[in-house]
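Below are the structure tokens for one structure; questions will follow.
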Amino acid sequence: MCKGLAALPHTCLERAKEIKTKLGTLLQKPDSAIDFIIPYPEKPEKPPKAQKPSPGEALQWRDSLEKLLQDPYGLASFHSFLRSEFSEENAEFWVACEDYKKIKSPVKMAEKAKKIYEEFIQTEAPKEVNIDHFTKDMTMKNLVEPSPSSFDMAQKRIFALMEKDSLPRFVRSEFYQELIK
């Protein structure tokens, strides 16, 4: 491979050309229609656009994080604001928990629980949320037998954190101030 100090530039170039040739061969039209069949829907589905709320509706958000998170435009706006503060994992975790609660199949629930745990709860997770050790331990115990309430304690902690810290900053943000005018 092309690693280390001993690798010569022409060796890497030759290897890159070889890979390009192999990829080109793979990307050519297959001999039979059975090879590389990729199903595409006739029309790609577009996610529904969130409707901008009236100033009166947006005003309600400052008193209720729950109303903010339940409104598609509010959730998208809040998520964008959290991203600007490098804390979007909180909203993403909350949404993942809400989606998780809707799962009926025990197999799918276990799969989703594992994914949520690995993405948000476990130490050094890619989007680790800030919860105390007790909550983390209780959540782990709840995941032995996943149920719709497995993440409730952690979700409530994150909700409280967003309500106490993030929501007041969001309400003071320029974006929100323009929204309520």
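The values are calculated or read from the model by the stated rules, or taken from the named source; none is laboratory data. What you see is a predicted model; the values in this text were computed from it and never measured. Positions of Cβ are generated from backbone atoms using ideal geometry, with glycine treated the same way; all protein chains shown enter the neighbour counts. What goes into the accessible areas is simple: the full protein's heavy atoms, side chains included, and nothing from ligands, DNA or RNA. Shrake-Rupley method; radii C 1.70, N 1.55, O 1.52, S 1.80 Å.
Would you be able to say whether some residue in segment 108-116 is in a loop (DSSP other than H, G, I, E, B) and over 12 Å from the mean Cα position of the chain (by Cα)?
Checked against the condition, which is being in a loop (DSSP other than H, G, I, E, B) and over 12 Å from the mean Cα position of the chain (by Cα), segment 108-116 yields no hits at all.
Restricting attention to segment 119-138, report how many residues are assigned to a loop (DSSP other than H, G, I, E, B) and open to solvent by 60 Å² or more (accessible area, probe 1.4 Å).
Residues that pass the stated criteria total 8.
Residues of segment 56-74 being open to solvent by less than 40 Å² (accessible area, probe 1.4 Å) and among the hydrophobic types (A, V, I, L, M, F, W, C), which ones?
Selection gives A58, W61, L65, L68, L69.
Give the residue, chosen from K164, K141, that is open to solvent by 60 Å² or more (accessible area, probe 1.4 Å) and over 29 Å from S84 (Cβ atoms).
K141
Taking segment 139-181 on its own, how many of its residues are under 30 Å from P55 (Cβ atoms) and in a loop (DSSP other than H, G, I, E, B)?
Selection size over segment 139-181: 3.
Residue under question is F86, and the condition is that it be of a type in the set (F, W, Y), under 23 Å from A160 (Cβ atoms) and open to solvent by 60 Å² or more (accessible area, probe 1.4 Å); does it hold?
Spelling it out, F86 is indeed of a type in the set (F, W, Y), under 23 Å from A160 (Cβ atoms) and open to solvent by 60 Å² or more (accessible area, probe 1.4 Å).
Follow-up. Conditions first: (1) β-branched (V, I, T); (2) assigned to a loop (DSSP other than H, G, I, E, B); (3) crowded, with 19+ Cβ neighbours inside 10 Å. I103 passes all but one, so which condition is the exception?
Only one criterion in (1) β-branched (V, I, T); (2) assigned to a loop (DSSP other than H, G, I, E, B); (3) crowded, with 19+ Cβ neighbours inside 10 Å is unmet by I103, namely (3).
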